[in-house]
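Trainee: This is the structure I have questions about; it appears just below.
The values are calculated or read from the model by the stated rules, or taken from the named source; none is laboratory data. Not measured: the values here are computed from a predicted model. Here the Cβ positions follow ideal geometry from the backbone for every residue, glycine too, while neighbour counts run over all protein chains shown.
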Amino acid sequence: VQVQPFEKNGYLVRIDFNPTVPYCSLASLIGLCLRGKIQKNVMERIKLDIVIAEGKHSTEEEINKQINDKERVAAALENPNLKK
């Protein structure tokens, strides 16, 4: 986790996580769950970047795009199965 000042009264928070194995099929779900929990519970003004640690997943670039794209995240977080 890295935290840096960002704009006026805000912070840039970067979270690198390691999926269980390099071909983990749940890596995007893990990233989305991290994002959902943090956005729900952190009241401060932050820009949140969640990424898979470099070299830790076979499709890390695609998953990183998915978990940091506002539209994809919003659609995924509307899924009732993800909220369980």
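Trainee: Here are some residues: GLU7, GLU62. Which one is over 9 Å from the mean Cα position of the chain (by Cα) and within 19 Å of ALA75 (Cβ to Cβ)?
Mentor: That would be GLU62, the only listed residue that is over 9 Å from the mean Cα position of the chain (by Cα) and within 19 Å of ALA75 (Cβ to Cβ).
Trainee: Here's another thing I want to ask about it. Only one of ILE30, ILE50 is touching a Lys or Arg at 6+ places or on another chain (Cβ under 8 Å) and of a type in the set (A, V, I, L, M); which?
Mentor: Going through ILE30, ILE50 in turn, just one is touching a Lys or Arg at 6+ places or on another chain (Cβ under 8 Å) and of a type in the set (A, V, I, L, M): ILE50.
Trainee: Hey, another quick one. Any residue at all in the range 69-79 that's in contact with a Gly (Cβ under 8 Å, 6 or more places away or on another chain) and either within 18 Å of VAL1 (Cβ to Cβ) or basic (Lys, Arg) (or both)?
Mentor: no
Trainee: Okay, moving on. Just give me the residues in the range 50-84 being under 14 Å from CYS24 (Cβ atoms) and hydrophobic (A, V, I, L, M, F, W, C), in sequence order.
Mentor: If the condition is that a residue be under 14 Å from CYS24 (Cβ atoms) and hydrophobic (A, V, I, L, M, F, W, C), then ILE52, ALA53, ILE63, ILE67 are the ones that fit.
Trainee: Now, a different point. With (1) touching a strand residue (DSSP E or B) at 6+ places or on another chain (Cβ under 8 Å); (2) at pLDDT 90 or above as the list, and GLU44 as the residue in question, which single condition is left unmet?
Mentor: The single condition GLU44 does not satisfy is (2).
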